[in-house]
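Asks: The following block contains the structure, expressed as structure tokens.
The values are calculated or read from the model by the stated rules, or taken from the named source; none is laboratory data. Since the model is a prediction, treat every value here as computed from it, not as a measurement. Positions of Cβ are backbone-derived with ideal geometry, glycine not excepted, and every protein chain shown enters the neighbour counts. Heads up: the accessible areas ignore ligands, DNA and RNA and are worked out on the full protein's heavy atoms, side chains in. Shrake-Rupley method; radii C 1.70, N 1.55, O 1.52, S 1.80 Å.
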Amino acid sequence: MSYSVSLSSPIRFHTNSRFFSTFPPKLPNKLKTTVTTTTVAAIPPLSTATSVTDLSVLDSTTVALIGGGSVAALAAVLSFTDPERRRRLQAEEVGGGDKEVVRNYFNNSGFQRWKKIYGETDDVNKVQLDIRLGHSKTVENVMKMLTHDGSLNGVTVCDAGCGTGCLSIPLAKEGAVVSASDISAAMVAEAEKQAKEQLTAGNGDIAPVMPKFEVKDLESLDGKYDTVVCLDVLIHYPQNKADGMIAHLASLAESRLILSFAPKTFYYDLLKRIGELFPGPSKATRAYLHAEADVERALNKVGWKIRKRGLITTQFYFARLVEAVPA
């Protein structure tokens, strides 16, 4: 489950740690990008104007950026829109709050959309293809972080919010014992299907263990794991609930917690609000951005500290990635 924003820069992964170098993605040549590493995080520049045609491919989980010269004008009309009313109607339609909206979306239209994005089909538009690239870079960086300290053979990992198994399957190929869960039964079924297809052949000398897939929300997760990973899920939680969720995920982890989230800055927050002007044909979930300082504070409160951090961006995807360890 992911999130996106329109930016004109190539992929940049800003970090103060050499561990955040990236793998070359296996994606079409038309999406070739460059990766740079620096010790100072930076915000990519505003893009040039996006055409009306470009906006037509965005749905309500995609944040549309119109252009430096147009941002101020669009910001001025934000007060005349009512995205909260649209969210409220969605919640009323499925008979609940944010969680029910998320579950309903990712079991229906959202599942079809994100299954294509996370998959390998060519039946995707340029926005979806770009988001696929960004998400793949996040997964690749997580795998590099996890394998840097040694073999994952026998290491227990909780993949909280596993989607279609984009991380669970590579982990299993490396010998990790994976417990994978998602709020969406459709996502879990697809992840299990993909795992059975990809893990039967083995991986050289490593005999992969089939991940244990379950339909669960984050609040229902229990047990103890060497590592807990939660990618692109906190976007569904407002900060007051995200604090509790971060504490809960930390309580499940013995040695490491890895999180990715949409960073909240004035720039990104404005882009998200502009994107709400263009909800698109499909319904989507409420999107919450999180300030890195708030996430770090929530971790510090329960005795954890951030050891590594980085920022991954493509044209339509952005994610702050942090690795935390006990303080």
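Asks: Among what's in region 199-222 and is touching a helix residue (DSSP H, G or I) at 6+ places or on another chain (Cβ under 8 Å) and open to solvent by 40 Å² or more (accessible area, probe 1.4 Å), pick the residue that is farthest from Ser168 (Cα to Cα).
Replies: Glu219
Asks: Inside region 171-193, can you point out the residues that are open to solvent by less than 40 Å² (accessible area, probe 1.4 Å) and among the β-branched types (Val, Ile, Thr)?
Replies: Val178, Ile183, Val188
Asks: How many residues does region 237-265 contain that are under 23 Å from Gly134 (Cβ atoms) and open to solvent by 50 Å² or more (accessible area, probe 1.4 Å)?
Replies: Of the residues in that region, 1 qualify.
Asks: Applying the selection to region 122-154, what residues are open to solvent by 10 Å² or more (accessible area, probe 1.4 Å) and polar (S, T, N, Q)?
Replies: Asn125, Gln128, Ser136, Thr147, Ser151, Asn153
Asks: Right, here's the next one. Please find, within region 155-170, the residue that is surrounded by the fewest Cβ atoms within 10 Å (Cβ to Cβ) out of those that are closer than 14 Å to Tyr225 by Cα and more than 15 Å from the chain's Cα centre (by Cα).
Replies: Of everything passing the filter in region 155-170, Thr156 is surrounded by the fewest Cβ atoms within 10 Å (Cβ to Cβ).
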